[in-house]
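These notes are about the structure you will find just below.
The values are calculated or read from the model by the stated rules, or taken from the named source; none is laboratory data. Bear in mind the structure is a predicted one, so any value in this text is a computation, not a measurement. We place every Cβ from the backbone using ideal geometry, glycine too, and count neighbours over all the protein chains shown.
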Amino acid sequence: MVTGQWKELLVFAAVFSSAAAALFVIRKVAFGLLSRWARRTETAIGDILAASLRHPSVFWVLATAFYIAIATSNFPQRYVDYGLKAIYAVIVLSITMALAGFTSRALQRSFEKYAIDVPVTGLSKAIVYVFILATGLIIILNSLNISIAPLLTALGVGGLAVALALQDTLSNIFAGVHILIDRPFSVGDYIKIDGGEEGYVADIGWRTTKIKKLQNNLVIVPNNKVIQSVLTNFHLPEKRMSLLIPVGVSYDTDPEKVERVLAEEALVAAGEIPGLLSDPPPFVRFIPGFGQFSLDFTLICQVGEFTDQYLVQHELRKRIFKRFKEEKIEIPFPVRTVHLKRE
């Protein structure tokens, strides 16, 4: 009897291994054809489909090989039924994973391609993924005649303890959802929070917001801290922003001449310096006005976005300095006049 059982198990293992090996070969050929088709098409549907099916297809191969092995075996019907239920659960779960991955990737590509004004973040993709996965789990439980109500009750009771233990984590998760709904910023915006961290938003995740600084470093800030901070978004209401450049000249200089020279240089530079806009045109204001040792002007111009200001300031200051030398306009040094009173 024991010998017969071992013989049956060996036959089962041999059939399963042979079927799995053949199916993996077929899977490799199929993905090769899919990759070639994806390269020929102009859309990204092929790449999305291949990425979504790559891991779930492994479960399909194993489930199919298991089905072939168990169908050709002489196991008792009770074990066969158990095996078929396990195969059904694996297939439904893997199909759900494939559908969830395909949906999240397709939504992201669609939003990026058509510039849909909806934030695509790690959190939003995870919400879609978890929702579809939860639907698949419910289907599996119903097919196995497992009542969901007791599980929900147990989850409700255990959820209280989990909520207390993971209070900080849940706070950050809800903060991330709040960011997605309220949308104080989106992925790609340049922001600065009152803690001093600033940069481009790289991603909004379950617990943290990732900010990529200009130094190419990544700052990871808890979502809860982000929503409690005073935040400046340099991309809202639009990317364009004003740039103020202070300029001081000698008291011996004609203010009208300074205003004309600064405006001319800025207008010429607007067509030559990347990021400096000509509409609206640059202008000059005699502000702050009378300084302690200089006449203080402010050149006001528009740049395309926050990071354009660095190159614009660099080039404009060089041009202004060169033009001031040509026009004999003096940039004064700090001067103090001391009066000595004799008793």
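Within the option set T72, T96, T41, T64, being at pLDDT below 80, of a type outside the set (K, R), within 40 Å of the chain's Cα centre (by Cα) and farther than 22 Å from F131 by Cα holds for one residue only, T41. Only one of the listed residues (S229, S242) is at pLDDT below 90 and of a type in the set (S, T, N, Q). That residue is S229. Taking the stated definitions as given, is V226 over 21 Å from Y310 (Cα atoms), buried (at least 17 other Cβ atoms within 10 Å of the Cβ) and touching a Ser or Thr at 6+ places or on another chain (Cβ under 9 Å)? In short, yes. Candidates in segment 240-276 are the residues that are in contact with a strand residue (DSSP E or B) (Cβ under 7 Å, 6 or more places away or on another chain) and over 18 Å from K318 (Cα atoms); of these, the one that is surrounded by the fewest Cβ atoms within 10 Å (Cβ to Cβ) is S242. Scan segment 270-284 and tell me whether some residue there is over 30 Å from V201 (Cα atoms), at pLDDT 90 or above and of a type in the set (A, V, I, L, M, F, W, C). Yes, segment 270-284 contains at least one residue that is over 30 Å from V201 (Cα atoms), at pLDDT 90 or above and of a type in the set (A, V, I, L, M, F, W, C). Checked against the criteria, V268 does not count as aliphatic (A, V, I, L, M), touching a residue at least 60 places away in the same chain (Cβ under 8 Å) and either closer than 30 Å to L236 by Cα or not assigned by TED's automatic domain parsing to the domain that holds N233 (or both). If you check Q302, Q292 for being crowded, with 17+ Cβ neighbours inside 10 Å and more than 30 Å from I173 (Cβ to Cβ), only one passes: Q302.
Here's the yes/no breakdown for (1) farther than 30 Å from I320 by Cβ; (2) in contact with a helix residue (DSSP H, G or I) (Cβ under 6 Å, 6 or more places away or on another chain); (3) assigned by TED's automatic domain parsing to the domain that holds Q292; (4) not in a strand (DSSP E or B):
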residue	(1), (2), (3), (4)
F185	yes, no, no, yes
G199	no, no, no, no
D203	yes, yes, no, no
I220	yes, no, no, no
G248	no, no, yes, no
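Pairs linking a residue in segment 276-289 that is more than 16 Å from E305 (Cβ to Cβ) to a residue that is modelled with pLDDT of 90 or more and among the hydroxyl-bearing types (S, T, Y), with Cβ atoms under 8 Å and 6 or more positions apart or on different chains, are V284/T298; R285/T298; I287/T298; P288/T298.
Within segment 306-343, which residues are of a type outside the set (D, E, K, R) and touching a residue at least 60 places away in the same chain (Cβ under 8 Å)? Once the filter is applied, which keeps residues that are of a type outside the set (D, E, K, R) and touching a residue at least 60 places away in the same chain (Cβ under 8 Å), segment 306-343 yields F306, T307, Q309, V312, Q313, L316, I320, F324, I329, I331, P332. As for segment 307-316, it holds no residue that is more than 30 Å from T209 (Cβ to Cβ), aromatic (F, W, Y) and not assigned by TED's automatic domain parsing to the domain that holds G199.
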